[in-house]
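Okay, structure first, notes after.
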Amino acid sequence: MADSSFDIVSEVDKQEADNALNQAAKEVAQRFDFKNTGTTIEWKGDLVVEITSSTEERASAALDVLKDKIVKRGISLKAFDHGEPRSSGKEYKINGTFTSGISSEQAKKLSKLIRDDGPKGVKTQIQGDELRVTHKSRDALQDVIALVKGADLDFAVQFVNYR
């Protein structure tokens, strides 16, 4: 019988990220506390977001609104990196980036976790920006998924191609 397998990836659903950004921008445009502050939330690249406001406090508040919408759309905040408000002329700006893919260091850390704490005989293989996990028993793979979900990782993970 062939081995069962699944892949561990770290991806951001671009459509959900776009929905979260649009909802946050709409809320910022409609809320009374953002009136006359010139606060905007917009895309500045493929997965780069820029928040602009006339005051540092409103820029931080807009970031909180965006984070709330990201969570409600089912995207982990571990996949969203942002900086501190910085002054740019008369405005304050915050740049944020959605990260996608597992780096080789993260894959090695995950592989070591599975090897040390997971069921015996589970094989891991790094394939680009994802990690393939194989074993004869599907129950062992379920145990690996539970182990990874319970681990305190500094990046978001999803499980795909379970077969």
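The values are calculated or read from the model by the stated rules, or taken from the named source; none is laboratory data. Here the structure is a predicted model, which means the values were calculated and not measured. When we count neighbours, we look across all protein chains shown, and the Cβ atoms used for this are built from the backbone with ideal geometry, even at glycine.
Looking across the range 147-162, the residues that are of a type outside the set (A, V, I, L, M, F, W, C) and touching a strand residue (DSSP E or B) at 6+ places or on another chain (Cβ under 6 Å) come down to Gln158, Asn161, Tyr162.
Here Glu130 passes the criteria (1) exposed (fewer than 14 other Cβ atoms within 10 Å of the Cβ); (2) in contact with a strand residue (DSSP E or B) (Cβ under 8 Å, 6 or more places away or on another chain); (3) of a type in the set (Asp, Glu) except the one numbered (1). Take the conditions (1) hydrophobic (A, V, I, L, M, F, W, C); (2) outside any helix (DSSP H, G or I); (3) under 13 Å from the mean Cα position of the chain (by Cα); Val49 misses just one of them, which is (3).
Thr52 meets each of the listed conditions (1) more than 24 Å from Phe155 (Cβ to Cβ); (2) touching a residue at least 24 places away in the same chain (Cβ under 8 Å); (3) in contact with a Leu (Cβ under 8 Å, 6 or more places away or on another chain) apart from (3).
The single condition from (1) in contact with a strand residue (DSSP E or B) (Cβ under 9 Å, 6 or more places away or on another chain); (2) in contact (Cβ under 8 Å) with a residue 24 or more places away in the chain; (3) in the same structural domain as Leu47 (by TED's automatic domain parsing); (4) not in a strand (DSSP E or B) that Lys78 fails is (1). All of (1) surrounded by fewer than 13 Cβ atoms within 10 Å (Cβ to Cβ); (2) part of a helix (DSSP H, G or I); (3) basic (Lys, Arg) hold for Lys108 with one exception: (1). Exactly one residue among Gly74, Gly101 is surrounded by fewer than 12 Cβ atoms within 10 Å (Cβ to Cβ) and on the phi > 0 side of the Ramachandran plot, and that residue is Gly74.
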